[in-house]
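Q: Please see the structure below; I have some questions.
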Amino acid sequence: MVTSGDMSEVDGGSRSALVSVRKQGPITFVGLDRPDKMNALDQAMCDELSEVLRRVRHEPSILVLHSTTPGMFVAGADIAELLERDSEVGLRGVNATLFEALESHRWPTIAAIDGPALGGGCELALACDLRVASARSRFGQPELGLGILAGAGGNWRLSQAVGLTLARRMLYTGTTLTAPEAQQAGLVDLMVQDENLLLEQAEDYAASVARQSWRALELTKVALRLHRPATTLYDMTAQALLFDSPEKKERMTAFLDKQARRRAERERTTEEDS
Ligand code: COA
């Protein structure tokens, strides 16, 4: 496994095991590259993203976060890893800390979403300043069904974006929003009908931001953050408590068992077909 800091330079950008970085003028494209698990965020990917954020903080640039594979954004935190995390790890707030760092990027950030943005994936999108999404994207916070909470910003960034009423519905019932619904709710800034044009449109959007004064953008970001009602300390403590609960273990094990059964079924069908 390539570890953080172990990124190789490629065509003026860089590539590690799970994250690629491509700089194009004033825009830096950060590509999430774990397609076999729908870009589920594990510790390795969080480490690599943290390293990218550390590296890009010196030179003005608009970040565009996207999947390197079409049809997905991020299907949440890695449930197999979450199952193993106990309260000790919970108190480190792996995703919450990463998303705070993302939110603190000195210049605006844009999530380019094409597919499921669920759990930590929705929180990752929310930690960006702006969201551009293809029409087939969907957004949700299914954490409560897994016995945990949306502790990496979902509890407060979601209500900031869509209002308390809809945030409650999404969190309490696991309701997923389609892209048009998310746009209507204010979660998506720009919806792109043709998913093939998503990155192009995100680039245009980023370029329109990059035309502003870098210094004024930076200071405006600071001003907007002054009003944020962060509950991060509470979220991390509550999550640590839930990480040790038997119910979380049961619910996540049930999810993983179901996935394993589906995988076995797929492999059996493939063998029969060949
Ligand atoms: N953590 C770990 N692995 C995940 C994952 C997650 N959050 N989300 C998806 N994956 C894996 C699946 O297990 C599968 O891997 P496998 O074939 O090795 O078992 C692979 O990604 C593809 O997922 P699959 O479910 O087969 O694709 P799908 O198109 O049928 O469904 C989702 C996509 C996103 C709807 C579905 O995977 C899902 O519900 N994921 C969990 C979402 C979630 O609850 N996130 C919050 C976590 S806190």
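Each row is one residue, and each column tells you yes or no for (1) at pLDDT below 95; (2) within 16 Å of the ligand (Cβ to nearest atom); (3) within 15 Å of the chain's Cα centre (by Cα).
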{"residue": "MET7", "(1), (2), (3)": "yes, no, no"}
{"residue": "VAL21", "(1), (2), (3)": "no, no, no"}
{"residue": "ARG54", "(1), (2), (3)": "no, no, no"}
{"residue": "LEU65", "(1), (2), (3)": "no, no, yes"}
{"residue": "THR68", "(1), (2), (3)": "no, yes, yes"}
{"residue": "VAL74", "(1), (2), (3)": "no, yes, yes"}
{"residue": "ALA77", "(1), (2), (3)": "no, yes, yes"}
{"residue": "LEU82", "(1), (2), (3)": "no, yes, no"}
{"residue": "GLU88", "(1), (2), (3)": "no, no, no"}
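Q: Given the residues GLY31, GLY119, GLY25, which is the only one that is modelled with pLDDT of 95 or more and within 9 Å of the ligand (Cβ to nearest atom)?
A: GLY119
Q: Please go through the stretch 260-274 and give me each residue that is open to solvent by 60 Å² or more (accessible area, probe 1.4 Å) and within 11 Å of the ligand (Cβ to nearest atom), ordered by number.
A: Across the stretch 260-274, the qualifying residues are ARG261, ARG262, ARG263, GLU265, ARG266, GLU267.
Q: Go through (1) among the basic types (Lys, Arg); (2) touching a residue at least 60 places away in the same chain (Cβ under 8 Å); (3) open to solvent by 40 Å² or more (accessible area, probe 1.4 Å) and name the single condition ARG211 misses.
A: Checking ARG211 against (1) among the basic types (Lys, Arg); (2) touching a residue at least 60 places away in the same chain (Cβ under 8 Å); (3) open to solvent by 40 Å² or more (accessible area, probe 1.4 Å), the one that fails is (2).
Q: Here is a further query. Yes or no: the stretch 202-218 includes at least one residue that is modelled with pLDDT of 95 or more, in contact with a strand residue (DSSP E or B) (Cβ under 7 Å, 6 or more places away or on another chain) and in a loop (DSSP other than H, G, I, E, B).
A: no
Q: Looking at ILE148, ILE110, which is the one that is open to solvent by less than 30 Å² (accessible area, probe 1.4 Å), β-branched (Val, Ile, Thr) and under 12 Å from VAL64 (Cα atoms)?
A: Just a single option satisfies the conditions, and that option is ILE110.
Q: Just to be sure I understand the filter: pairs with C-beta atoms under 7 Å, separated by 6 or more residues or on different chains, first member in the stretch 233-244 and of a type in the set (D, E, K, R), second member in a helix (DSSP H, G or I). Which pairs pass?
A: Close Cβ pairs satisfying both conditions: ASP235/ALA96; ASP235/ASN155; ASP244/SER87.
Q: Could you grab me the full set of residues in the stretch 121-161 that are out of contact with any Phe, Trp or Tyr (no Cβ under 9 Å at 6 or more places or on another chain), in a helix (DSSP H, G or I) and farther than 19 Å from LEU102 by Cα?
A: PRO142, GLU143, listed by residue number.
Q: Just name the residue that is surrounded by the most Cβ atoms within 10 Å (Cβ to Cβ) out of those in the stretch 123-142 that are free of Cβ contacts under 8 Å to residues at least 40 places away in the same chain and out of contact with any Lys or Arg (no Cβ under 9 Å at 6 or more places or on another chain).
A: Filtering the stretch 123-142 for residues that are free of Cβ contacts under 8 Å to residues at least 40 places away in the same chain and out of contact with any Lys or Arg (no Cβ under 9 Å at 6 or more places or on another chain), the one surrounded by the most Cβ atoms within 10 Å (Cβ to Cβ) comes out as GLN141.
Residues are listed down the side, and each one gets a yes or a no for (1) of a type outside the set (Lys, Arg); (2) within 16 Å of the ligand (Cβ to nearest atom); (3) touching a Lys or Arg at 6+ places or on another chain (Cβ under 7 Å); (4) touching a residue at least 24 places away in the same chain (Cβ under 8 Å):
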{"site": "ALA40", "(1), (2), (3), (4)": "yes, yes, yes, yes"}
{"site": "GLU48", "(1), (2), (3), (4)": "yes, no, no, yes"}
{"site": "HIS58", "(1), (2), (3), (4)": "yes, no, no, no"}
{"site": "GLY93", "(1), (2), (3), (4)": "yes, yes, no, yes"}
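Q: Pick from PRO116, PRO60: which is farther than 16 Å from PHE139 by Cα and not aliphatic (A, V, I, L, M)?
A: Being farther than 16 Å from PHE139 by Cα and not aliphatic (A, V, I, L, M) holds for just one of PRO116, PRO60, which is PRO60.
Q: When the residues of the stretch 163-191 are narrowed to those that are open to solvent by less than 20 Å² (accessible area, probe 1.4 Å) and either touching a strand residue (DSSP E or B) at 6+ places or on another chain (Cβ under 8 Å) or part of a loop (DSSP other than H, G, I, E, B) (or both), which ends up farthest from LEU233 (Cα to Cα)?
A: Per the stated criteria, the residue is ALA179.
Q: Can you tell me which residues in the stretch 229-242 are surrounded by 11 or more Cβ atoms within 10 Å (Cβ to Cβ) and either more than 12 Å from the ligand (Cβ to nearest atom) or within 20 Å of the chain's Cα centre (by Cα) (or both)?
A: Those that are surrounded by 11 or more Cβ atoms within 10 Å (Cβ to Cβ) and either more than 12 Å from the ligand (Cβ to nearest atom) or within 20 Å of the chain's Cα centre (by Cα) (or both): ALA230, THR231, THR232, TYR234, ASP235, MET236, THR237, ALA238, GLN239, ALA240, LEU241.
The values are calculated or read from the model by the stated rules, or taken from the named source; none is laboratory data. Everything quoted here is computed from the prediction, not taken from an experiment. Please note: Cβ atoms are built from the backbone with ideal geometry, for glycine as well, and neighbour counts cover all protein chains shown. Only protein heavy atoms, including side chains, enter the accessible area calculation; ligands, DNA and RNA are left aside. Shrake-Rupley method; radii C 1.70, N 1.55, O 1.52, S 1.80 Å.
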